[in-house]
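Report on one structure; see the data block that follows.
The values are calculated or read from the model by the stated rules, or taken from the named source; none is laboratory data. For clarity, every value in this text was computed on a predicted model and none was experimentally measured. Neighbour counts run over all protein chains shown; Cβ positions are idealised from the backbone, glycine included. For accessibility, only protein heavy atoms count, side chains too; no ligands or nucleic acids. Shrake-Rupley method; radii C 1.70, N 1.55, O 1.52, S 1.80 Å.
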Amino acid sequence: EKDGTRIQYHDGQLVYSSQSQTAKPQVLYNELTVPRGGEYSLVLGDGTRVWLNAGSKLKYPVRFNGSQRRVFLSGEAYFEVTKDSVRPFIVEVDRGFEVKVLGTHFNIKAYDTDDSYETTLVEGKVQVSQGHKTKITLEPSEQMVIGKDGRHEVRVVNTSYYTAWHEGWF
């Protein structure tokens, strides 16, 4: 327990829960790194569930403070974001690539060794951006692919092909 946030290991996942509401708590970050061949899941302090695929890393605050909920991803993760109309949830990846949501289910594949990054939307809406050049809103069953050169493509896909890994399927 740190600054009123309780961290538990329960049913194979890390679970964060806030026990108290202090006025201006210090922002503390944790980083979860999943080795090759592994998978891991966690529940963030706001109730958002995250599954991390092999070779992935997620940096996240122990407790979300302020006007947004921002995490930092390298690798692949599936998110079930808790709805919060006041504080958007933002996943930031390198090269200015980020995904902004209010509450939804989606997958991001953004390994630094890949030539492109993929965001696949299962449910809800997300806004995908890269710097100030690209801002595109995705609908369910759409996937946006952004190359290292900044070129992007939006396509309609069968989302289960891109998200089944988080349920143990190859």
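For the reader, a short list of remarks on this structure follows.
- Of the residues making up region 25-47, one or more are at pLDDT below 75, among the polar types (S, T, N, Q) and farther than 18 Å from residue 89 by Cβ.
- The number of residues in region 37-60 being in a strand (DSSP E or B), open to solvent by 10 Å² or more (accessible area, probe 1.4 Å) and under 19 Å from residue 103 (Cα atoms) comes to 4.
- So residue 134, is it farther than 21 Å from residue 43 by Cβ and of a type in the set (Ser, Thr, Tyr): yes
- Residue within region 97-104 that is among the small types (Gly, Ala, Ser) and open to solvent by 30 Å² or more (accessible area, probe 1.4 Å) present: no
- Residues within region 113-135 that are touching a strand residue (DSSP E or B) at 6+ places or on another chain (Cβ under 7 Å), at pLDDT 90 or above and open to solvent by 40 Å² or more (accessible area, probe 1.4 Å), tallied: 5
- Considering region 88-122, the residues that are touching a residue at least 40 places away in the same chain (Cβ under 8 Å) and not in a strand (DSSP E or B) include one that is farthest from residue 59 (Cα to Cα), namely 95.
- Of everything listed in (1) open to solvent by less than 60 Å² (accessible area, probe 1.4 Å); (2) without any contact (Cβ under 8 Å) to a residue 60 or more places away in the chain, the single unmet condition for residue 63 is (2).
- Filtered by the rule that a residue be of a type in the set (Lys, Arg), part of a strand (DSSP E or B) and either more than 22 Å from residue 96 (Cα to Cα) or free of Cβ contacts under 8 Å to residues at least 12 places away in the same chain (or both), region 123-167 gives a lone residue, 135.
- Condition check for residue 71: within 10 Å of the chain's Cα centre (by Cα), of a type outside the set (Ser, Thr, Tyr), modelled with pLDDT of 90 or more and open to solvent by less than 10 Å² (accessible area, probe 1.4 Å): yes
- Residue that is farthest from residue 103 (Cα to Cα), among those in region 74-87 that are of a type in the set (S, T, N, Q) and either open to solvent by less than 20 Å² (accessible area, probe 1.4 Å) or assigned to a loop (DSSP other than H, G, I, E, B) (or both): 85
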